[in-house]
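The values are calculated or read from the model by the stated rules, or taken from the named source; none is laboratory data. Only a predicted model underlies this, so the values are computations on that prediction, with no experimental measurement involved. FYI the Cβ positions are ideal-geometry reconstructions off the backbone, even for glycines, and counts take in every protein chain you see.
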Amino acid sequence: MEGGVGTLDGLSLASTRSHVEVVIMHHVVPMRRSHTARTSEGVSGSPRWGAMRQTILLSIVVIAAFTGCGRRTTTTTATMNCTLDICGHKKIQNPTESDLRQAVFALDTKKEDAFLILGPTDMTYIQATGDQKVGFVLEYQDTDAKHHYRAKRRGLYPIDRGWPRCDLSADEIVKALVSYSTGADDWKTMAEWELITW
């Protein structure tokens, strides 16, 4: 607490108190005046009213802190500035979910090198190879080749030096790419990740 102004869970007590006092002045005080008129008791300066007022203020501040009332919240989706490379032949800047789904389902290992690379830079990206029939391999790299990882479905055998298992579906690849493109972390939890050594 600094300068007499405290915060509780990001909530300004001074700000909340001022709003609460307005509520009290509009709702509690008129009731108090009505009660005073009926009983002809001068309670405006009574210690009882002061204690009740403090109790009301504290109760509302605590409720507001736990419910988030009075807190400025914004929900935004942090979209990364990514480029989608489709088989080395076509590039789409900031692809939509529809673009990513179409690209995944169009891959065909019998016709050409079937791969997709999505990322903000040449050294940081997520990539997938395969098609609907054989399955997909998913990898990602963070900053440099020393931080290159390959996904494997949980519980399966470790990746060997040969061609890795293609054990991810087209829908899973779409989900991973969409999650990556929006800056979310869902794609990291969909599989186990093993470091690839070159």
Condition test on Thr96, is it surrounded by fewer than 18 Cβ atoms within 10 Å (Cβ to Cβ), in the same structural domain as Val178 (by TED's automatic domain parsing) and within 22 Å of the chain's Cα centre (by Cα)?
yes
Among residues of region 143-198 being in contact with a strand residue (DSSP E or B) (Cβ under 8 Å, 6 or more places away or on another chain), modelled with pLDDT of 90 or more and in a loop (DSSP other than H, G, I, E, B), the residue nearest to Arg101 (Cα to Cα) is Ser169
Ile126 - would you say it is in the same structural domain as Gly88 (by TED's automatic domain parsing), part of a helix (DSSP H, G or I) and at pLDDT 95 or above?
no
Could you check Glu139 against (1) modelled with pLDDT under 95; (2) outside any helix (DSSP H, G or I) and say which number it fails?
(1)
Could you grab me the full set of residues in region 129-146 that are polar (S, T, N, Q) and either surrounded by 16 or more Cβ atoms within 10 Å (Cβ to Cβ) or not assigned by TED's automatic domain parsing to the domain that holds Gln93 (or both)?
Thr129, Gln132, Gln141
Which ones in region 95-118 are in contact (Cβ under 8 Å) with a residue 40 or more places away in the chain and farther than 15 Å from Asp171 by Cα?
Pro95, Leu118
Of all residues being surrounded by fewer than 20 Cβ atoms within 10 Å (Cβ to Cβ) and under 18 Å from Tyr180 (Cα atoms) in region 106-124, which is farthest from the chain's Cα centre (by Cα)? Just the residue, please.
Phe115
